[in-house]
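In what follows, a single structure is set out as structure tokens and then discussed.
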Amino acid sequence: MKNIFKTFGALALTIGFAVSTFAQDTIQSKTPLALGKIEPYKMEVTYDKTSHLIFPTAIRYVDLGSEYLIAGKADDAENVLRVKASVRDFEAETNFSVITNDGRFYSFNVHYSSYPEALSYDLLTMQKAVDKANGNDVLFEELGSNSPSLAGLLLETIYKNNKRIVKHIGAKSFGIQFILKGIYIHNGKYYFHTELGNRSNVPFQIDFINFKIVDKKVAKRTVVQEKLLTPLRTYKPLEGIAGKSTDQNVFLLDQFTLADDKVLLIEIFEKNGGRNQTLQIENSDLIKARLIDDMHLKF
């Protein structure tokens, strides 16, 4: 009898261990993907009318799930996507995905309807839901490991705080004043905060803005000796400044330092005019960049 109980106990333990192992394997195989699931938005499209989606920032990537759909960015509107059915009355569900310039990933499941409930969608009003459902950012090559949404938040925060922590770099002539208000550093990226003021009655239309590294002896510089730097992001690009007004901008650039014989020039050129302005920044200014603590957004 004792042997029977021992045999039964051993069998029960074996079964229990097998069930536990199977359950753990099932959890391990299913849970990781389930935890990372992005819930798609439901959408209806039709053949005779076009649907429009307005995204918070410029559209960077679109992928259509099937040939039942056609889509494209609206002319002169980087954040508006046109979508419609390419065939009538398709029965199978299809989908499409969108990545925007702020690193957000959007997923849509699409059905055909002859009479869609809505034709226009404003995703600006859905941003909180997007943040909750799609919390992970898409990382872009030019930003490295930096989150696009965090980079955008830092640009916006610097702009809104509007503090002047650099007080010795500026240029002024013909009623136009161009100043550097601050240099910030975060995770291998610089944030340059500038301000452009127009004290004249004549509007200042901006042609383009340059960031370039040149020799200190600018009179001897050549094209070979100049190195142009391209901002990775710009917060609210300026087209011009009206008379008797001031506006600011924030530029995101890769981290760099300067040799003793080099300087950074930030040049702003007037369209069809000669009131161009230049800021000159040395290595001693760069290494004094204020550190941003992203844990508490302290500057």
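For the stretch 152-291, a Kirkwood hydrodynamic radius built from all Cα pairs, placed in the Stokes-Einstein relation at 4 °C and 1.567 mPa s, yields a translational diffusion coefficient of 84 µm²/s.
A simple spin-label model places the labels of I70 and Q205 3.7 nm from each other, with each point 7 Å out along Cα-to-Cβ. Between K216 and K37, the simple label model (points 7 Å from Cα in the Cβ direction) yields a spacing of 6.3 nm.
Spin-label pair I54-E267: with each label point 7 Å from Cα along the Cα-Cβ axis, the two points sit 3.9 nm from one another. Hey, which of these cross-link pairs are over 29 Å Cα-Cα: K181/K212; K160/K227; K163/K244; K160/K216; K216/K244; K49/K236? Exceeds cut-off: K160/K227; K160/K216; K216/K244; K49/K236. Using Cβ point charges alone (K and R +1, D and E -1), the dipole size of the stretch 235-299 about the Cα centre works out to roughly 300 debye.
The order of Y191, Y47, going from fewest to most other C-beta atoms within 10 Å of their C-beta, is Y47, Y191. Each Lys or Arg adds one and each Asp or Glu takes one away; over the other residues whose Cβ falls under 10 Å from the Cβ of I179, this sums to +3. Between D63 and K167, the FRET efficiency estimated from the beta carbon spacing at R0 = 45 angstrom works out to 0.40. Applying Stokes-Einstein at 4 °C and 1.567 mPa s to the Kirkwood radius of the stretch 145-229, computed over alpha-carbon pairs, gives a translational diffusion coefficient of 83 µm² s⁻¹. Comparing Cα centroids, the stretch 243-273 and the stretch 97-120 end up 39 angstrom apart.
Computed from the coordinates by the stated procedures, all read-outs in this text should not be read as laboratory data. What you are looking at is a predicted structure, and each value in this text was computed from that prediction instead of being measured. Note that we place each Cβ from the backbone using ideal geometry, even for glycine, and neighbour counts take in every protein chain shown.
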